[in-house]
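Structure record follows, encoded as structure tokens.
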Amino acid sequence: MATSFRIGSGSGFWGDMVDPAVELVEAGDISAIAFDLLAELTMSVLQRAKHRDPSRGHIPDVEQIMRQVLDPARRRGVTVVTNGGGANPPAAADATAAVACEHGHPDLRIGVIEGDDLTGRLDGIRAQGWSFTHLESGEEDIDGIADRVVAAHAYLGSDGIVEALGADCDVVIGGRLADSALYCGPLMHHFGWTFADDPELIGAALTIGHVLECAGIASGGMSTQWRTSSEPWRLGFPLAQVEPDGTALVTKVPGSGGVINQWTAKEHLLYEVHDPADYRLPDGIVDLSGVEVAEAGPDQVRITGMSGRPRPDMLKLQIGYEDGYIAEGRAIFPWPDALEKAEWSERLVRRRLEHLGVEALEQRYDRVGIDALAGAIAPPAVHEPNEVELRMAVRCRTRAEAQAARRALLAPATAGPAGTAFGVPAPVRKVIALWPALVPREFVHERVSVQTAKELVDATA
């Protein structure tokens, strides 16, 4: 009978803090640590970087993370799992191997998971009769954007992670691995859970992964508990001690900053979940409706009652495509009449765009300090604000139109009210939009390769 398993959260996004991960490896008594480094748009950005330079396309932070984490991980026998390979997992493996050899670990076993990239296969899949229906708009297929697609990646589950860990890998690197799979995979490997026999336990593993996947967000970050978060400048990242029955104790390193209580756990349980009884992931359909969260001590919560059903036949596919160009600008208006000045300036910019003949695809004007976050549901201002910022964005079909719009966004400074402050508009940039769709699992051909750090370095020498 397998014993309990402790797994920690190393990061929740590209750019996250690294020192809490090192603290977890050194003092968390964990056996594995997961680094989630991807967001929805990240894959398109990385795919374009790979096109410009075949040695890029992975998350650059991987090298920095490995430099700080590999030594203690090797010393304490902690396995590292990450989706930081992005659009180029082999490149991330090469970077990891170079660090490993530099630090005296040429025998480090690195598993690389590929197969999520369907960018060059969309036409072939469509030719076999499949349509990539837009999950939100319902548009039937990608005919209107097919010539502007820059990336298409399917969300992978735990299969490759389990296979790599079965091959005694010390580090596992994938591309668009689902966030929760980074945790579910090591748990499946340790406990021997299978998709055929253990859908409820896998549902529990996915629930635990969902709590941990955004790192500090479950230990006091972005929380209603921010007032009770202790020393957040040295936030402790969460870890879970998982039992063979699928229950878990979520905690952090004693004495580290932040806070873990029932509310930080409940907040993240509902994060990005539309239907708690039918939360669909590559590894299973999670049922959160019976979950119970109980405080078990200082910075400790016990999570029970998780469940799940067999994994769906479809995988989510994010298709990134070019969707015009954007110009952005900002202006700040002082008291008196700050709000009136902002509203007047919005009309000024709109009329300026018309005067220049710019046919904008979309315009957005946010009044920071009034309703920029809440929009139309924000209550009316009941006092005269000291200052209001007008944040402006104009999306155009061509770069030339966006350049003209960028100049128009300076109009409040040069033709607007006295006292207006402004910043230099950001350079015009391409817009990458997302087309969420589904793809049958059989079209996604996942593959795993395993090599030592020395073998990888020698191959690139």
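Is it fair to say Thr414 is open to solvent by less than 60 Å² (accessible area, probe 1.4 Å) and hydroxyl-bearing (Ser, Thr, Tyr)?
Working: open to solvent by less than 60 Å² (accessible area, probe 1.4 Å): no; hydroxyl-bearing (Ser, Thr, Tyr): yes.
It is false that Thr414 is open to solvent by less than 60 Å² (accessible area, probe 1.4 Å) and hydroxyl-bearing (Ser, Thr, Tyr).
Return only the number of the condition from (1) among the hydrophobic types (A, V, I, L, M, F, W, C); (2) free of Cβ contacts under 8 Å to residues at least 40 places away in the same chain; (3) farther than 30 Å from Ser4 by Cβ that Val162 does not satisfy.
Val162 satisfies all of (1) among the hydrophobic types (A, V, I, L, M, F, W, C); (2) free of Cβ contacts under 8 Å to residues at least 40 places away in the same chain; (3) farther than 30 Å from Ser4 by Cβ except (3).
So if I check each of Ala426, Ala402, Ala393, which one is within 31 Å of the chain's Cα centre (by Cα), within 18 Å of Ala327 (Cα to Cα) and modelled with pLDDT under 95?
Sole residue among the options that is within 31 Å of the chain's Cα centre (by Cα), within 18 Å of Ala327 (Cα to Cα) and modelled with pLDDT under 95: Ala426.
Can you tell me which residue among Gly255, Gly290 is surrounded by fewer than 22 Cβ atoms within 10 Å (Cβ to Cβ), at positive phi, at pLDDT 95 or above and outside any helix (DSSP H, G or I)?
Residue meeting the stated conditions: Gly255.
Restricting attention to helices (runs of 4 or more DSSP H) lying wholly within segment 45-127, give those where 1 or more residues are closer than 30 Å to Leu239 by Cβ.
61-76, 89-102
Taking into account only those residues within segment 434-461 that are modelled with pLDDT of 95 or more and among the hydroxyl-bearing types (Ser, Thr, Tyr), which is nearest to the chain's Cα centre (by Cα)?
Checking each candidate, the answer is Ser449.
Open to solvent by less than 10 Å² (accessible area, probe 1.4 Å) and part of a loop (DSSP other than H, G, I, E, B): does that describe Ile7?
no
Which of the residues spanning segment 381-424 are in contact with a strand residue (DSSP E or B) (Cβ under 7 Å, 6 or more places away or on another chain), in a helix (DSSP H, G or I) and closer than 18 Å to Arg367 by Cβ?
Scanning segment 381-424 gives Pro412, Ala413.
Quickly run through segment 340-373 and pick out the residues that are touching a Pro at 6+ places or on another chain (Cβ under 8 Å) and at pLDDT below 95.
Those that are touching a Pro at 6+ places or on another chain (Cβ under 8 Å) and at pLDDT below 95: Gly369, Ile370.
Select, from Val301, Val253, the only residue that is closer than 20 Å to Asp36 by Cβ and more than 21 Å from the chain's Cα centre (by Cα).
Values: Val301 fails: closer than 20 Å to Asp36 by Cβ.
Within the list Val301, Val253, the selection yields Val253.
The values are calculated or read from the model by the stated rules, or taken from the named source; none is laboratory data. Owing to the predicted nature of the structure, the values given are computational and were not obtained by experimental measurement. Heads up, the Cβs are rebuilt from the backbone with ideal geometry, glycines too, and the neighbour counts pull from every protein chain shown. What goes into the accessible areas is simple: the full protein's heavy atoms, side chains included, and nothing from ligands, DNA or RNA. Shrake-Rupley method; radii C 1.70, N 1.55, O 1.52, S 1.80 Å.
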